[in-house]
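The structure appears right after this line, and notes come after that.
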Amino acid sequence: MISVDKEEEFFNKITTRLSKKYRLVKAGKMMSAPGISYKKKFFAFYYKNEITLRLGKDFIPKDHGIKKWKYLNPFKNKAPMKNWFQLPYSEKKNWEELALLALDTISKEIKSK
């Protein structure tokens, strides 16, 4: 049996709640990490005890009471991805609300295409 840490377990609970509530939301893998997608487009994933959310370039963390965060920066020789935000477990009180915001952001983007 594979054991998961409390951070991943918390992420998995959010994934389960969203996928039960929204028909087109599914659990999956993004870059080999647990993720959440809407119409096969990922808007959240869990990596190294943090949630990473696609909230858009206009998202302002402090407006949502977030103190600790960083941009996703997966490439050594490229700039950070300023539409993806990483939040540590210390910000867990915001994870689900922001996952819903990321879902709303991705669904609007898909509808506008």
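Placing +1 on each Lys and Arg Cβ and -1 on each Asp and Glu Cβ, with no other charges, gives the chain a dipole about its Cα centre of roughly 440 debye.
Cβ crowding within 10 Å ranks L100, L24, L55, L18 as L24, L100, L18, L55, fewest other Cβ atoms first.
Sorted ascending by nearby beta carbons within 10 Å, beginning with the fewest, F11, F42 become F42, F11. Maximal additional length on extending the K113-K78 stretch stands at 9.9 nm, based on 0.36 nm per residue less the C-alpha distance. For the chain, averaging the sequence separation of C-alpha pairs within contact (under 8 Å, six or more residues apart) and dividing by the residue count gives a relative contact order of 21 percent.
Computed from the coordinates by the stated procedures, all read-outs in this text should not be read as laboratory data. Bear in mind that the values here come from a model prediction, so they are computed numbers and not experimental data. Ideal geometry is used to build each Cβ from the backbone, glycine not excepted, and the neighbour counts take in all protein chains shown.
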